[in-house]
């Protein structure tokens with residue numbers, strides 16, 4: 001008879017999971033470290049030994065969100081072979097996120113608004129640079145004559161879709177964003 005060994009998540013993993021739930025649902029500013037520690041089931045020393053401060057925990061939480069978002073979008077884009085479809089697929093991937101019952105908007109926007117600081121700004125800048133780079137790269141692959149300009153425009157649509165989905169509680173904003181992105185892309189390619 002074989003027994004499966006259960007892997008117990010590390011203190012770091014438990015702290016990040018707890019921070020991810022609490023910070024995203026309630027906000028990075030309003031959630032104190034004691035609540036994160038309690039939810040994670042670790043000692044206070046574990047948080048400080050692992051992250052050093054709440055700011056560094058917030059940074060790690062945002063970096064994890066970035067990794068999860070980029071992995072989700074990348075997996076979604078594997079469905080497509082044409083650069084045009086891949087570019088528009090970014091907005092379809094957003095739609096999957098918006099339809100999730102726990103969707104609360106962009107974690108980076110929320111954290112930046114609640115707790116501006118170097119760690120949050122750096123994580124948000126990295127994430128936004130990744131989104132802009134992805135859209136610009138896909139615009140370049142699709143043959144846009146000015147992929148940087150189109151990437152910037154598409155990034156604004158991407159951001160607006162997230163805000164609309166959150167504020168209007170309307171997951172269909174991703175479909176509207178995709179339609180707007182398609183119009184911009186087609187106009188850029190026709191130029």
Q: Test residue 47 against the stated conditions and say whether it is outside any loop (DSSP other than H, G, I, E, B), over 18 Å from the mean Cα position of the chain (by Cα) and surrounded by 19 or more Cβ atoms within 10 Å (Cβ to Cβ).
A: yes
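Residue-wise test of (1) over 25 Å from residue 130 (Cβ atoms); (2) touching a helix residue (DSSP H, G or I) at 6+ places or on another chain (Cβ under 6 Å); (3) surrounded by fewer than 16 Cβ atoms within 10 Å (Cβ to Cβ).
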position: 9; (1), (2), (3): yes, no, yes
position: 42; (1), (2), (3): yes, yes, no
position: 51; (1), (2), (3): no, yes, no
position: 61; (1), (2), (3): no, yes, no
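Hey, can you tell me all the residues within region 126-168 that are out of contact with any helix residue (DSSP H, G or I) (no Cβ under 9 Å at 6 or more places or on another chain) and either assigned to a helix (DSSP H, G or I) or within 16 Å of residue 92 (Cβ to Cβ) (or both)? Walk me through how you get there before you give the answer.
Taking region 126-168 and keeping what is out of contact with any helix residue (DSSP H, G or I) (no Cβ under 9 Å at 6 or more places or on another chain), we get 129, 156, 167-168.
Selection gives 129, 156, 167.
Tell me the residue from 20, 52, 89 that is within 14 Å of the chain's Cα centre (by Cα) and either in a helix (DSSP H, G or I) or over 18 Å from residue 161 (Cβ atoms) (or both), please. I'd like the intermediate steps shown before the answer.
Working: 52 fails: within 14 Å of the chain's Cα centre (by Cα); 89 fails: within 14 Å of the chain's Cα centre (by Cα).
Testing whether each residue is within 14 Å of the chain's Cα centre (by Cα) and either in a helix (DSSP H, G or I) or over 18 Å from residue 161 (Cβ atoms) (or both) leaves just 20.
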Q) Among the numbered criteria (1) within 26 Å of residue 62 (Cα to Cα); (2) over 17 Å from the mean Cα position of the chain (by Cα); (3) modelled with pLDDT of 95 or more, which single criterion is violated by residue 164? A) (2)
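Looking only at region 175-191, count how many residues are exposed (fewer than 14 other Cβ atoms within 10 Å of the Cβ) and within 22 Å of the chain's Cα centre (by Cα). Before you say what the answer is, go through the steps one by one.
To start, the set of residues in region 175-191 that are exposed (fewer than 14 other Cβ atoms within 10 Å of the Cβ) comprises 179, 183, 186-187, 190-191.
So of that shortlist, the ones also within 22 Å of the chain's Cα centre (by Cα) come out as 179.
Total meeting the criteria: 1.
A quick yes/no check of all residues on (1) surrounded by fewer than 17 Cβ atoms within 10 Å (Cβ to Cβ); (2) closer than 26 Å to residue 20 by Cα; (3) free of Cβ contacts under 8 Å to residues at least 24 places away in the same chain:
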residue: 111; (1), (2), (3): no, yes, no
residue: 115; (1), (2), (3): no, yes, no
residue: 122; (1), (2), (3): yes, yes, no
residue: 130; (1), (2), (3): yes, yes, no
residue: 141; (1), (2), (3): yes, no, no
residue: 145; (1), (2), (3): yes, no, no
residue: 148; (1), (2), (3): yes, no, yes
residue: 151; (1), (2), (3): no, no, yes
residue: 173; (1), (2), (3): no, yes, no
Q. Looking at (1) in contact with a helix residue (DSSP H, G or I) (Cβ under 7 Å, 6 or more places away or on another chain); (2) modelled with pLDDT of 95 or more; (3) over 19 Å from residue 128 (Cα atoms), can you tell me which one residue 86 breaks?
A. (3)
Q: For residue 34, work out the one condition from (1) touching a helix residue (DSSP H, G or I) at 6+ places or on another chain (Cβ under 7 Å); (2) surrounded by fewer than 14 Cβ atoms within 10 Å (Cβ to Cβ); (3) in a helix (DSSP H, G or I) it doesn't fulfil.
A: (1)
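The values are calculated or read from the model by the stated rules, or taken from the named source; none is laboratory data. Just so you know, these numbers come straight off a predicted model, no measurement behind them. Glycine also receives a Cβ, built like all others from the backbone with ideal geometry; neighbour counts cover every protein chain displayed.
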